[in-house]
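Colleague: Here's a structure for you.
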Amino acid sequence: MKRLELHIHGRVQGVAFRWSTQRQAQALGLTGWVRNLVDGSVRVLAEGEADNLQRLWDWAQHGPDHARVDGVKATWSDAVGDQKSFEVTG
């Protein structure tokens with residue numbers, strides 16, 4: 001099990017990015033959270049199988065239909081196991 005943290009920049013707020021991320025993550029069997037940041041970006045923390053985390057990262061490169069993703073910074077680490085579901089938190 002791995003952990004992936006994403007910091008996504010662009011037009012990613014007000015375009016259902018968090019809701020769409022939650023749906024993608026749940027469909028992939030991932031746990032964690034997604035939240036808006038005050039600078040207009042979105043942060044994602046997800047845990048699960050590495051191949052499913054890679055699929056989430058690939059999806060985040062473009063996001064939902066009305067988003068414009070300018071960049072995604074990814075940080076990989078070992079899973080901590082403290083996430084039980086995938087939630088929109090802010």
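Colleague: Could you tell me how far the Cα centroid of the stretch 46-66 sits from the Cα centroid of the stretch 67-90, in Å?
Modeller: 9
Colleague: Then there's this: Which trypsin sites (Lys or Arg not before Pro) in the stretch 32-90 sit in a loop by DSSP (not H, G, I, E or B) and have at most 16 other Cβ atoms within 10 Å of their own Cβ? Kindly include the intermediate steps, with their values, before the conclusion.
Modeller: Working: sites: 35, 43, 55, 68, 73, 84; in loops: 84.
Here the trypsin sites (Lys or Arg not before Pro) that fit, given the DSSP loop and packing criteria, are 84.
Colleague: Report, in degrees rounded to the nearest 10, the 0 to 90 angle that the Cα long axis of helix 50-60 makes with the longest principal axis of the chain.
Modeller: 0
Colleague: Same structure, new question: Counting each DSSP H run of 4 or more residues in the chain as -39500 (n - 2.57), what helix-only mean residue ellipticity at 222 nm follows after dividing by all residues, to the nearest 500 deg cm²/dmol? Numbers along the way, then the final one.
Modeller: Working: 2 runs with 22 residues, N = 90.
So the helix-based figure for the chain works out to -7500 deg cm²/dmol.
Colleague: Can you work out ³J(HN,Hα) from phi for every residue in the stretch 7-18, in order, using Karplus 6.51 cos²θ - 1.76 cosθ + 1.60 and θ = phi - 60°, giving whole Hz and x for Gly and Pro?
Modeller: Per residue, the Karplus-derived 3J(HN,Hα) values read 10, 10, 10, x, 8, 10, 10, x, 10, 6, 5, 5 Hz.
Colleague: Can you give me the relative contact order of the chain as a percent, contacts being Cα pairs under 8 Å and 6 or more apart? Write out the running numbers ahead of the final one.
Modeller: Details: 197 pairs, mean separation 42.0, N = 90.
Relative contact order for the chain comes out at 47 percent.
Colleague: Looking at the stretch 41-90, which GluC sites (Glu not before Pro) are DSSP coil and have at most 16 other C-beta atoms within 10 Å of their C-beta? Provide the component values of the computation, followed by the final result.
Modeller: On the way: sites: 47, 49, 87; in loops: 49.
Passing sites in the stretch 41-90 are 49.
Colleague: Moving on. Which of (1) 31, 22, 20; (2) 66, 27, 18; (3) 59, 40, 27 is the computed Cα extents along the principal axes in Å for the structure on display?
Modeller: Working out Cα extents along the principal axes in Å from the coordinates points to (1).
Colleague: Which ³J(HN,Hα) values in Hz, rounded to whole numbers, follow from the phi angles of the stretch 28-42 under the Karplus curve 6.51 cos²θ - 1.76 cosθ + 1.60, where θ = phi - 60° and Gly and Pro get x?
Modeller: With coefficients 6.51, -1.76 and 1.60, one gets 8, x, 9, 10, x, 7, 9, 8, 7, 10, 5, 7, x, 9, 10 Hz.
Laboratory data are not the source of any read-out in this text; all were calculated from the coordinates shown. All values reported here derive from a predicted model rather than from experimental measurement. Positions of Cβ are backbone-derived with ideal geometry, glycine not excepted, and every protein chain shown enters the neighbour counts.
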